1. Out of all DSSP beta bridges in the chain, what portion is antiparallel? Express it as a percent rounded to 5.
2. Does anyone have the angle between helix 14-23 and the longest principal axis of the chain? Alpha-carbon axes, 0 to 90°, nearest 10?
3. How big is the range 93-207 on each of its three principal axes, counting only the C-alpha atoms and giving the largest first in Å?
4. Residue farthest toward the positive end of the dipole of the chain, with Cβ of Lys/Arg at +1 and Asp/Glu at -1: which of A538, I457, V117?
5. For D176 and N290 in one chain, what is 0.36 nm times their gap in residues minus the Cα-Cα distance, to one decimal in nm?
6. Per DSSP helix of 4 or more residues, -39500 (n - 2.57); summed, then divided by the residues of the chain. What does that give at 222 nm, rounded to the nearest 500?
7. Measuring from the lowest to the highest alpha carbon on each principal axis, how far does the range 328-435 reach, largest first, in angstroms?
8. On a straight-distance basis, which aspartates and glutamates could pair with K405 in a cross-link, Cα separation under 16 angstrom, same-chain partners fewer than 8 positions away excluded?
Amino acid sequence: MLEGLMMDYQLTLDKIIEHAARLHPNKKVITKLPDGSFHELTYGEMAKRIRRLSSALESVLGVKPGDRVGTFAWNNYQHLELYFAIPGAAAVCHTLNIRLNGEQLSYIIDHAEDKVVFVDGTLLPLYEQLAAGSTSVQAHVLFNVDRDVQTSLDNVYFYEDLIEQGDENYQWACTDERMASAMCYTSGTTGNPKGALYSHRSTFLHTFGVMQANAMGLGETDTILAVVPQFHAMSWGLPYAGVYSGANLLMPGQFLQAEPLAEMTEKYRVTVAAGVPTIWNGLYHELKNNPRDISTIRALVVGGSAMPRALTRAYETELNVDVLHAWGMTEMSPIGTVSALMSHHADLSTEEKWDVKATQGYPVSGVDMRICDEEGNELPWDGEQMGELQVRGFWVSKQYYKLDKSADHFTADGWFRTGDVATMSPDGYMRITDRTKDLVKSGGEWISSVDLENALIGHEDVMEAAVFAVPDARWAERPWAAITPKDGASVDMDALNQYLTAEGFAKFWLPDNYVSVDELPKTSTGKLDKKVLRKMHADGAW
Ligand code: AMP
C-alpha cells in the first residue's frame with residue numbers, strides 16, 4: 001500500500017471550542033436562567049472557562065482519563081461547558097436522563113461507574129431522591145444553586161469554585177481521537193438500559209454530518225434553539241455543531257413550555273429549532289392563541305417520533321416555517337436521516353411535497369442503510385416492502401458498553417439492527433412503519449401500527465392513538481387500538497373503522513377492538529410504550 005501523505009490530525013473535541021474561540025469569539029450561548037432572565041456567554045470567554053474546568057476536573061476532583069463523569073441538568077451554558085470540559089480532560093461525559101425513575105437512574109450511574117456527577121441546582125431535590133440508591137459516585141458538583149443550600153449529598157463542590165481554581169492555560173488531555181468522549185443510555189422499553197459510548201472521532205464526524213447542507217446546513221448566521229434535551233441523544237449533536245459553526249446557541253433551561261419557547265424564539269430571531277413533535281404541537285397551539293412572529297425559523301427540526309403530516313402543513317402554511325423531519329437513535333449519535341426535498345421534487349404539488357416530508361427522509365452522508373427480511377435477506381428499495389432497518393457508518397455504535405456484541409443488535413457483517421421497520425423508496429427516502437417489537441403480524445401479513453395511528457389521530461374525536469398486537473387463535477395476532485378521545489368525545493369502533501376504510505386501509509388491517517384510556521403509557525423519552533398495553537390486555541384490563 002502506498003500511504004497518503006496527509007496529516008493524522010486527530011479528530012478531538014478541543015478543536016471545536018478552540019476554533020470557535022478564535023474565529024467566533026463574540027458569538028454566544030444564551031441561557032434562560034432559573035429566575036427567567038437571560039444570561040449571555042461568548043465563546044471566547046467560554047473557552048477559557050472550559051479549560052479551567054478541565055484542569056480542575058483533574059487537579060481538584062482527581063478525574064483520570066477514561067473516568068465517567070455524569071451530568072444531571074437542563075440545557076444551559078454550564079451543561080454546554082461540560083460537553084467540552086469533560087472530554088477535554090479525556091474523561092467521558094455521561095448525560096443522565098432526568099426523566100428516569102430511581103431504579104433506572106441508579107442502575108445507569110452504577111453501571112457506568114460514574115465517579116463525579118454535576119447536578120443542576122434546579123434538579124437537586126429530584127436527583128437526591130432518584131440517585132439515592134447509587135453507590136459509585138465519589139463527589140458531586142452543584143451549579144445554579146445558593147452556597148447555603150441544604151443537601152443530603154456527600155462530598156459536594158461548587159461549579160464556579162472549580163472554574164476559579166482551574167488553569168486557563170490547560171493543555172487538553174484528549175490526544176487520541178479513538179478515546180471515548182461521551183455516553184448516553186438508551187431508554188429501551190425492554191430489559192435494562194444500554195449504554196452507547198461515543199468517541200471523539202465519531203462525535204467529530206457526526207458534527208460535520210449535522211452541519212452539512214444536506215442535513216441541517218448550519219452556519220455562522222444561525223441562532224439555534226436547542227429544545228431537545230442535552231440528556232437525550234446529546235441534544236442531537238447541536239451543542240457541538242452549533243459551536244463549530246459559530247452560530248449562537250439558545251438554551252431554554254427548564255422553560256420547555258410553549259409560551260416561553262415562543263417568546264424566546266421571537267426575541268432572539270431563532271433560525272433553527274430542534275425538538276420532538278409534542279413540543280411543536282404545543283407551540284403551534286400557543287401561537288394560535290397568542291400570535292408571535294416565528295417566521296425567522298428556516299428549519300424546524302423534528303424527530304424522536306414521527307412528525308404528523310397535518311402539523312407540518314400547519315407550520316408551513318400558517319406560520320411560514322419550514323419543517324425538517326429527521327430520524328435518529330441514541331446509538332447513532334443520533335442523526336440518521338433528514339427529510340428535505342431534492343431537486344427532482346420541484347414539480348410536485350404542495351400536497352405531494354408534504355407526503356415526502358412526512359417520511360423520515362434520506363440517509364445523511366456518513367450513514368449507510370438497508371432493509372432486510374426476517375431471514376436477513378436485503379429487500380429492494382421499492383417503497384413497498386417493509387423490512388428491518390439496519391445501519392452502519394461513521395457515528396454508529398458497534399457494541400453496547402460492557403455488553404457482549406449480541407446478534408440481537410449487531411449483524412455478523414457489521415450492521416446495527418435499529419429495531420425499526422421501514423420501507424425505502426427508490427430515491428432513498430425511508431419511512432418507518434413500526435418497531436420490530438410492536439409489529440402486528442396477522443395471518444402472516446405485517447400490519448403497520450404506525451400507519452394506523454397516524455390515520456387515527458386525523459379523526460376529529462381522537463387525541464392520541466396506539467395500535468398494539470393482541471394474541472389471536474386464528475390469525476396469531478390482531479391489532480387493537482387504545483385511544484385517548486378528545487374532550488367530550490367517545491370512542492365508536494364502527495365510526496373509526498369506517499373512517500379507516502375511507503382512508504384506504506384494507507379490511508384485515510382494521511383494529512378488532514378499540515379501548516378508551518385517559519392517558520397512553522409512554523417511556524421516559526416520551527415514546528409510546530406498547531409493552532404496557534400488551535401486558536394490560538394480558539392481565540385482563542379490557
Ligand atoms: P432514542 O434512541 O431514544 O432517540 O430512540 C430512537 C427511536 O425513536 C428510533 O429507533 C425510532 O423508533 C424513534 N424515532 C426517532 N425519530 C423518529 C421519527 N422521525 N419518526 C418515527 N420514529 C422516530
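What follows draws every value from the coordinates through simple rules; no lab data is involved. All values derive from a computational prediction rather than experimental measurement. Methodologically, a virtual Cβ is constructed for each residue, glycine included, from the backbone with ideal geometry; neighbour enumeration extends over all protein chains shown.
1. That works out to approximately 55 percent antiparallel.
2. 80 degrees
3. 46, 42, 22 Å, listed from the longest principal axis down.
4. V117
5. Full-extension gain reported as 36.0 nm.
6. Helix contribution divided over all residues of the chain: -8500 deg cm²/dmol.
7. Principal extents (largest minus smallest coordinate, Cα): 50, 27, 20 Å.
8. Within the straight-line limit of under 16 Å, K405 reaches these aspartates and glutamates: E331, D413.
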